[in-house]
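Enquirer: Can you keep this structure in mind? I'll have questions shortly.
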Amino acid sequence: MEGSPRLGPKGLIKKHEFVRILIQCLYSIGYEKSASCLELESGISCKSDDFQLLESLISSGNWDGCVDTLNAIKDLTDDTRAAALFLVFKQCLLEYLSCGDDKLAVAILQKEVSALQVDRDKVHNLARSILSWKEVEQSKIDDNAVRELRKKLLQELEKWLPSPITLPEHRLEHLVETAVLSQIDSCMYHNLSDEVSLYADHSCSRDQIPTETVQILTEHKNEVWFVQFSNNGEYLASSSSDCTAIIWKVPEDGRVTLKHTLRSHHNPVSFVAWSPDDSKLLTCGNVEVLKLWDVETGTCKHTFGDPGFIVSSCAWFPDSKRLVCGSSDPEKGIYMWDCDGNELKAWRGMRMPKILDLAVTPDGQNLISIFSDKEIRILNVGTNAERVISEDHSITSLSISGDSKFFIVNLNSQEIHMWDVAGEWVKPLKYMGHKQSKYVIRSCFGGLNSTFIASGSENAQVYIWNRRNSRPIEVLRGHSMTVNCVSWNHRRPQMLASASDDHSIRIWGSSLSNKIQPRKLS
């Protein structure tokens, strides 16, 4: 209605439309009496005049009237009008056939339905259904069945006809959900899985993300190069230039305790990778072999490769039975092994230069690798289709989001770039503010729905970004030397770990979750 009064402080809401969708909502959630009373008091019906007329004509079986009404409705596109008429003719034919009026049914099919601009397959399928009806169906459809079929026709027409003739289903709920999602999207600190209340505008404080040091782990005797939480969030693994890796236990109270120290490498341990079921851990020695450990016992189960095989990184497939590793030796490429060391597949040769980092998407569909310093290769494992992305600056590390849709790479140009795995983006999203020019710095996704990105930095700080913002929302201070790697706990969105050249690992938590002084574990 053009002259309808407006609601809201900005006058953007038409009163007539608001009341109408309110009535629709009351009906849909079961408050039929309240909806009927509101219709009576406001003089506004949930259903438009055109649809009420259609409802009356269909209920009485007045098919000519239905056709005339649909043809008379203005502002319908030709496709929508044809689709609605097809539904009406389909019901009409069914009822004529049920009454034994085959000639009239065939006449309507030939003259009316055939003239509609609809998919020819739909017309042919309808013709075939008429033939099968004549061959199989002998009894007349009873009145109850006819009423149900007409009711179903009205429901289908409601979906096809546009507003304001009909209202989209659950319109008020959709509008409210859209408003809530908009508030969540604009909240830079949103990290809560709890439901958002409608009673107040939504806004999270910085207390929802890890910003305070709650524990310092000092068991390593030299620089800590890598740290990663297990998939279930119950363990933490770290590796160091002291030639060891450590498995830490993360109990319910969040206080990390040492579980196993893994001593078998002769060189610094540069990388670790948890199996998806968290029962096994891979460790990569720097210019050394790859080792497989049993998490529960802390024993080495297998050593992959030979002394001449230089491992740069490793990753698991979702079944926890297959693993891949990349080599910084251009002649070695990428190997896929089972847990017993049997080679299942290999990618090597001229097209496989040295691999700097690699990862498998959690869904197991893509193998992403960093090679030739500045190039990203995305290989579909099932189809062998591949795509290459070239960056302008050297890439040092790679991390994939938990939903397998995105990945981030750290560049020595002091930027982090986020790309989509599907290849729909022409340009990456960029994040900056941290310091990186000389060393390998690793970043990660984290928080609720991987909303955040965290990264180490050469200035001894940890940086946190909301994925929608290129500038950091938090800078965490505490380390005294380069922060090499960070890891966000998948199951505890308010827990973050960072590994540093200052020989320590810091556990970060919410400023509200732990008010006591951070304590060291050594």
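Enquirer: Would you check if Asn449 is open to solvent by 40 Å² or more (accessible area, probe 1.4 Å) and touching a Phe, Trp or Tyr at 6+ places or on another chain (Cβ under 9 Å)?
Expert: No, not satisfied.
Enquirer: Right, something else. Could you grab me the full set of residues in region 171-201 that are assigned to a loop (DSSP other than H, G, I, E, B), open to solvent by less than 90 Å² (accessible area, probe 1.4 Å) and in contact (Cβ under 8 Å) with a residue 12 or more places away in the chain?
Expert: If the condition is that a residue be assigned to a loop (DSSP other than H, G, I, E, B), open to solvent by less than 90 Å² (accessible area, probe 1.4 Å) and in contact (Cβ under 8 Å) with a residue 12 or more places away in the chain, then Cys187, Met188, Tyr189, His190, Asn191, Leu192, Val196 are the ones that fit.
Enquirer: To continue, here is another question. Picking from Val256, Val311, which residue would you name as being among the hydrophobic types (A, V, I, L, M, F, W, C), over 26 Å from Asp403 (Cβ atoms) and either at pLDDT below 90 or touching a helix residue (DSSP H, G or I) at 6+ places or on another chain (Cβ under 8 Å) (or both)?
Expert: The match here is Val311.
Enquirer: State yes or no: is Glu375 within 14 Å of Leu358 (Cβ to Cβ), out of contact with any Ser or Thr (no Cβ under 9 Å at 6 or more places or on another chain), surrounded by fewer than 16 Cβ atoms within 10 Å (Cβ to Cβ) and of a type outside the set (A, V, I, L, M, F, W, C)?
Expert: So Glu375 does not fit the description; no.
Yes/no matrix, rows are residues, columns are (1) open to solvent by 40 Å² or more (accessible area, probe 1.4 Å); (2) outside any helix (DSSP H, G or I); (3) of a type in the set (Ser, Thr, Tyr):
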| residue | (1), (2), (3) |
| --- | --- |
| Leu53 | yes, no, no |
| Gly65 | no, no, no |
| Thr69 | no, no, yes |
| Leu76 | no, yes, no |
| Ala84 | no, no, no |
| Lys90 | yes, no, no |
| Leu93 | no, no, no |
| Leu97 | no, no, no |
| Gly100 | yes, yes, no |
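Enquirer: If Ser45 passes every condition in (1) open to solvent by 50 Å² or more (accessible area, probe 1.4 Å); (2) in a loop (DSSP other than H, G, I, E, B) but one, which one does it miss?
Expert: Every condition holds for Ser45 apart from (1).
Enquirer: Is at least one residue of region 202-211 assigned to a strand (DSSP E or B) and surrounded by 16 or more Cβ atoms within 10 Å (Cβ to Cβ)?
Expert: no
Enquirer: May I pose another question? Looking at Ser240, is it within 27 Å of Cys314 (Cα to Cα), out of contact with any Cys (no Cβ under 9 Å at 6 or more places or on another chain) and not aromatic (Phe, Trp, Tyr)?
Expert: Against the criterion (within 27 Å of Cys314 (Cα to Cα), out of contact with any Cys (no Cβ under 9 Å at 6 or more places or on another chain) and not aromatic (Phe, Trp, Tyr)), Ser240 qualifies.
Enquirer: Here's a follow-up. So for region 258-268 (the condition being over 30 Å from Ile73 (Cβ atoms), assigned to a loop (DSSP other than H, G, I, E, B) and touching a residue at least 40 places away in the same chain (Cβ under 8 Å)), does at least one residue qualify?
Expert: Yes; the residues of region 258-268 include at least one that is over 30 Å from Ile73 (Cβ atoms), assigned to a loop (DSSP other than H, G, I, E, B) and touching a residue at least 40 places away in the same chain (Cβ under 8 Å).
For every residue, the table says whether it meets (1) within 14 Å of Val486 (Cβ to Cβ); (2) hydrophobic (A, V, I, L, M, F, W, C).
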| position | (1), (2) |
| --- | --- |
| Leu411 | no, yes |
| Val421 | no, yes |
| Thr451 | no, no |
| Ala460 | yes, yes |
| Asn466 | no, no |
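Enquirer: Any chance you could count how many residues in region 13-35 are over 18 Å from Glu169 (Cα atoms) and either hydroxyl-bearing (Ser, Thr, Tyr) or in contact with a strand residue (DSSP E or B) (Cβ under 7 Å, 6 or more places away or on another chain) (or both)?
Expert: The total comes to 4.
Enquirer: From the list Arg120, Arg147, which residue is at pLDDT 80 or above, more than 30 Å from Ile44 (Cα to Cα) and among the charged types (D, E, K, R)?
Expert: Just a single option satisfies the conditions, and that option is Arg120.
Enquirer: How many residues, within region 284-342, are acidic (Asp, Glu) and either closer than 19 Å to His260 by Cβ or open to solvent by 50 Å² or more (accessible area, probe 1.4 Å) (or both)?
Expert: 6
Enquirer: If Glu391 passes every condition in (1) open to solvent by 30 Å² or more (accessible area, probe 1.4 Å); (2) touching a Leu at 6+ places or on another chain (Cβ under 9 Å) but one, which one does it miss?
Expert: (1) is the only condition that Glu391 fails.
Enquirer: Could you check Ile441 against (1) over 25 Å from Ser328 (Cβ atoms); (2) assigned to a loop (DSSP other than H, G, I, E, B); (3) open to solvent by less than 30 Å² (accessible area, probe 1.4 Å); (4) not charged (D, E, K, R) and say which number it fails?
Expert: It is condition (1) that Ile441 fails.
Enquirer: Follow-up. Of everything in region 2-24, what is of a type in the set (S, T, N, Q) and either modelled with pLDDT of 95 or more or open to solvent by 60 Å² or more (accessible area, probe 1.4 Å) (or both)? Give them in sequence order.
Expert: Gln24, the sole residue that qualifies.
Enquirer: Which residue pairs have Cβ atoms closer than 6 Å, lie 6 or more positions apart in sequence or on different chains, and pair a first residue in region 308-334 that is at positive phi with a second residue that is open to solvent by 50 Å² or more (accessible area, probe 1.4 Å)?
Expert: Note: pairs meeting the criteria are Ser320/Pro276; Ser320/Asp277; Gly333/Arg348.
Enquirer: Going through Tyr31, Tyr27 one at a time, which residue ends up being open to solvent by 20 Å² or more (accessible area, probe 1.4 Å) and either closer than 21 Å to Pro162 by Cα or in contact (Cβ under 8 Å) with a residue 24 or more places away in the chain (or both)?
Expert: Tyr27
Enquirer: If Pro251 meets every condition in (1) under 33 Å from the mean Cα position of the chain (by Cα); (2) in contact (Cβ under 8 Å) with a residue 40 or more places away in the chain; (3) part of a loop (DSSP other than H, G, I, E, B) apart from one, which number is that one?
Expert: (2)
Enquirer: Kindly evaluate Asn459 against the criterion of being open to solvent by 30 Å² or more (accessible area, probe 1.4 Å), at pLDDT below 95 and not charged (D, E, K, R).
Expert: no
Enquirer: Regarding Ile505, is this residue within 23 Å of Ser241 (Cα to Cα) and in contact with a Ser or Thr (Cβ under 6 Å, 6 or more places away or on another chain)?
Expert: yes
Enquirer: Looking at Ile453, Ile441, which one is of a type in the set (Val, Ile, Thr) and under 17 Å from the mean Cα position of the chain (by Cα)?
Expert: Residue meeting the stated conditions: Ile453.
The values are calculated or read from the model by the stated rules, or taken from the named source; none is laboratory data. Computed from a prediction, not measured in an experiment: that's the story for all the values here. Virtual Cβ from ideal backbone geometry, glycine too; neighbours counted across all protein chains shown. Side chains included, ligands, DNA and RNA excluded: accessible areas come from the protein's heavy atoms. Shrake-Rupley method; radii C 1.70, N 1.55, O 1.52, S 1.80 Å.
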